[in-house]
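Below is one structure, written out as structure tokens; the observations come after it.
The values are calculated or read from the model by the stated rules, or taken from the named source; none is laboratory data. Because the structure is a prediction, the values reported are computed rather than measured. A quick note on method: Cβ atoms are made from the backbone with ideal geometry, for glycine too, and the neighbour counts reach across all protein chains shown.
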Amino acid sequence: MFNAEDFENLERSFDDLAVPDGMIDCSDTAHIQPNIISVLQDTNFDDEISRAAAMMQIVNLAFLEDADENVDLVLSCSVMIALFGMLFTSLSAMQDTERTDFFARLSELAADLAKESVLPYWENNDESKK
């Protein structure tokens, strides 16, 4: 979890090419964003099954290929950060009115999802891990 010092480190200059405390070098996970984009491009957003499959594929990016259903914390955080980075970049490219409209629509969709839709989930049946 990020603490107050981590947020303060965001103010540091990256001019010296050093990675500040609270940040990591993500060159090992640079493949995540193109993989997410590929999944999204292949998704039929008009089809609920296709959307669910896309969510599952993106979640699977947080697992090491040779792992036995064990989540890699750094990889999992990297997937979240990649998603946030793409969302924030998209939002920053919008005009204020477009962002306002986007958030209004997103709020409606979130309310609909909360009461009507089902989402895929990963069930961990290993009681020892709980």
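Restricting the range 9-61 to residues that are modelled with pLDDT under 75 and in a helix (DSSP H, G or I), the residue that is farthest from residue 81 (Cα to Cα) is 9.
Taking first residues from the range 47-59 that are under 22 Å from residue 73 (Cα atoms) and partners that are not in a helix (DSSP H, G or I), the Cβ contacts under 6 Å between residues at least 6 apart in sequence or on separate chains come to 54/43; 55/120; 56/120. Contact map, the range 71-83: first residue modelled with pLDDT of 85 or more, second residue basic (Lys, Arg), Cβ cut-off under 8 Å, separation 6 or more or different chains; the map is empty. Exactly one condition in (1) more than 30 Å from residue 3 (Cα to Cα); (2) more than 19 Å from the chain's Cα centre (by Cα); (3) part of a helix (DSSP H, G or I); (4) modelled with pLDDT of 85 or more is not met by residue 99; state its number. Here residue 99 meets the rest and fails (1).
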